[in-house]
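Student: Got a structure here, written out as structure tokens. Questions coming.
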Amino acid sequence: MRINKFLSECGICSRREADRLVQAGHVSVNGKPALMGMDVSDADDVCVDGRAVHRQVTKTYLRFYKPKGIVCTFEASEPHNLRKCLESLDVRVTYAGRLDRNSEGLMILTDDGDLIDRMMRARNGHEKEYEVTADRPVTEAFLIKMQKGVYLEELGVTTRPCRAWQTGERSFHIVLTQGLNRQIRRMCAVCGYKVSELKRVRIVNVLLGDMKPGEIQPLTDAERRELLSRTAEADHRSARSLHYTEQH
């Protein structure tokens, strides 16, 4: 199989990130620098930064409550990286979808590279729900503007229409189907608001529930089956739509 797919199935990263690792010279195959698009098998000696990696036969699916202050990276140069939070795990996993340093809440950790790739494709429109506290009272006009989509000048894009509803004087929930950099904070800023607290409470069908910061739990069998089913269905649907668009 291709080197990027092999690395994703080892739970290292997504295929896209694997391509970047290969290009940057972090990957070797049988003692030689890996090449973009090369084929490898389980019989090959594949290493990332000198450490041997292997495909996982049994896949792992976990929910993790990322605490505020933790950066979504495994780089040792960042003192507050994810690696320290996951030291108790005996499997190597990665994540699909970041949360910025000042945000907290649900992340899905897995060594299933195919799931990561499906969840990272923006066209698939997977739902992610957030609990937000703002610096001033939430108004109906503000929620309507957020729901319709906000033009983010610094990114040159208008956000997709979304669902948002008030939960308190200064709090609301919002459900996004895209994952632009610091999207909610940017959207609120355009509308004259500043985010005080931001917590992700749902990804597709997986809920944060009453977990505590830093806690890790395995998904239930029912959650895992539904997550895999819904993400695969969305991927097939968006692929068919893309093919139809290209043909017409």
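Student: For segment 20-157, what relative contact order do you get, as a whole percent, if you take Cα pairs closer than 8 Å and at least 6 residues apart?
Tutor: Relative contact order here is 17 percent.
Student: Tabulate in residue order the Karplus-calculated ³J(HN,Hα) for segment 86-98, using 6.51 cos²θ - 1.76 cosθ + 1.60 with θ = phi - 60°, rounded to whole Hz; enter x for Gly and Pro.
Tutor: Each residue's phi maps through the Karplus curve to give 10, 4, 6, 7, 9, 10, 9, 10, 9, 10, 10, x, 7 Hz.
Student: Still on this structure: Which whole-number percentage describes the relative contact order of the chain, with Cα contacts under 8 Å and a sequence gap of 6 or more?
Tutor: Across the chain, relative contact order equals 20 percent.
Student: At a 10 angstrom cut-off on C-beta neighbours, averaged per residue, how do the peptides 76-84, 216-224 rank from highest to lowest?
Tutor: Values: 76-84: 12.0, 216-224: 14.0.
Ranking the peptides 76-84, 216-224 by packing returns 216-224, 76-84.
Student: Let me ask something additional. Toward the positive end of the charge dipole of the chain, about the Cα centre and with charges on Cβ (Lys, Arg +1; Asp, Glu -1), which of 219, 150, 105 goes farthest?
Tutor: Sorting the options by dipole projection puts first 150.
Student: I've got another one for you. To the nearest 20 debye, what is the magnitude of the charge dipole of the chain about its Cα centre, counting +1 on the Cβ of each Lys and Arg and -1 on the Cβ of each Asp and Glu?
Tutor: Working: 40 positive and 35 negative charges, 137 e Å.
Dipole about the Cα centre, nearest 20: 660 debye.
Student: Which entries in 148/212; 59/128; 84/148; 5/84 show an alpha-carbon gap greater than 31 Å?
Tutor: Distance filter (> 31 Å) returns 148/212; 84/148.
Student: Based solely on its DSSP helices, what 222 nm [θ] is calculated for the chain when runs of n ≥ 4 H residues each add -39,500 (n - 2.57) and the sum is averaged over all residues, nearest 500 deg cm²/dmol?
Tutor: One gets -8500 deg cm²/dmol as the mean residue ellipticity at 222 nm.
Student: So with the 1.4 Å probe, I'd like the accessible area per residue for the chain, rounded to whole Å².
Tutor: Per residue, the chain has 53 Å² of solvent-accessible surface.
Student: Here's another thing I want to ask about it. Using a basic spin-label model with each label point 7 Å from the Cα along Cα→Cβ, how many nm lie between residue 197 and residue 90?
Tutor: A separation of 3.7 nm, rounded to one decimal place.
Student: Something else: Can you pull the one-decimal nm distance between simple spin-label points at residue 80 and residue 226, each 7 Å off the Cα toward Cβ?
Tutor: According to this spin-label approximation, the distance is 3.3 nm.
Student: Scan [x] 15.3; [y] 17.2; [z] 10.7 for the value of mean projected area of the Cα convex hull in nm² calculated from this model and give just the label.
Tutor: [x]
The values are calculated or read from the model by the stated rules, or taken from the named source; none is laboratory data. On a predicted model such as this, the values are computed, not experimentally measured, just so you know. Glycine gets a Cβ as well: all are built from the backbone with ideal geometry, and neighbour counts include every protein chain shown. Side chains are part of the model used for accessible areas, which takes the heavy atoms of the whole protein and leaves out ligands, DNA and RNA. Shrake-Rupley method; radii C 1.70, N 1.55, O 1.52, S 1.80 Å.
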